[in-house]
Amino acid sequence: MARVAIAVWSDELEGLLEDWHRRVTTAQFGHQRQADRFRTLSLVLGIPVVVLTTLVGTSAFAAVTHGADKTARLLVGVVSIVAAVLASIQTFLGYGQAAERHRIAGTRYASLRRSIEEGLGRHDASVLDRLRPEMDKVGAASPQIGRRIWASAQRDADAAIRRWRQDEGKSGAARGGARGA
């Protein structure tokens, strides 16, 4: 018969959840930043593609209907090539898809963060068994975050966790006792 370990709240368990809280919050913020960055890059490439292809289409139509001189046809050809190159780069780099993968990862990490905060706030040891497999699953499905974005996200996560602890302390005092007391 297999033994089932029942977690009991302890300082060690609280320390583990605090560590997870910091890592998950950092991952959430990092993925949100990475999603914003890729979304911006997608727009930086995508908007010129739309503008240039519109210009090429309009210019080509005008050249056919009104006859254009050699310089105008050459300009239309160059703009057409630039638009095609930008469209190819945009497709190859896949910034839009990368933004979406990071957005999804950020949302999943936000859900984990809320579960950890609930467990910490309630001193609920059972949260450990629920979180461990979910953290593994989210981590395995998430794209990588660069070191600079991770470091920046970690600073913001630390500040957010400090604010959460202050808010949790206030709500704990209102319930009849401060958290950790």
May I ask you to list the residues in the range 8-30 that are more than 12 Å from the chain's Cα centre (by Cα) and under 15 Å from residue 147 (Cα atoms)? 23
Any idea how many residues of the range 110-130 are assigned to a helix (DSSP H, G or I), closer than 16 Å to residue 12 by Cα and of a type outside the set (Asp, Glu)? 7
Starting from the range 1-28, keep only residues that are farther than 18 Å from residue 165 by Cα and at pLDDT below 95, then list their pairs with residues that are part of a helix (DSSP H, G or I) and not aromatic (Phe, Trp, Tyr) whose Cβ atoms are within a distance under 8 Å, requiring at least 6 positions of separation or different chains. 7/13; 7/128; 7/129
State whether one or more residues within the range 52-65 are farther than 18 Å from residue 109 by Cβ, touching a Ser or Thr at 6+ places or on another chain (Cβ under 7 Å) and at pLDDT below 95. yes
Evaluate the range 92-101: report whether one residue or more is more than 20 Å from residue 161 (Cα to Cα), modelled with pLDDT of 95 or more, charged (D, E, K, R) and part of a helix (DSSP H, G or I). yes
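The values are calculated or read from the model by the stated rules, or taken from the named source; none is laboratory data. Keep in mind that what you see is a predicted model, and the values were worked out from it rather than measured. Counting neighbours? That spans all protein chains shown, and the Cβs are built from the backbone with ideal geometry, glycine included.
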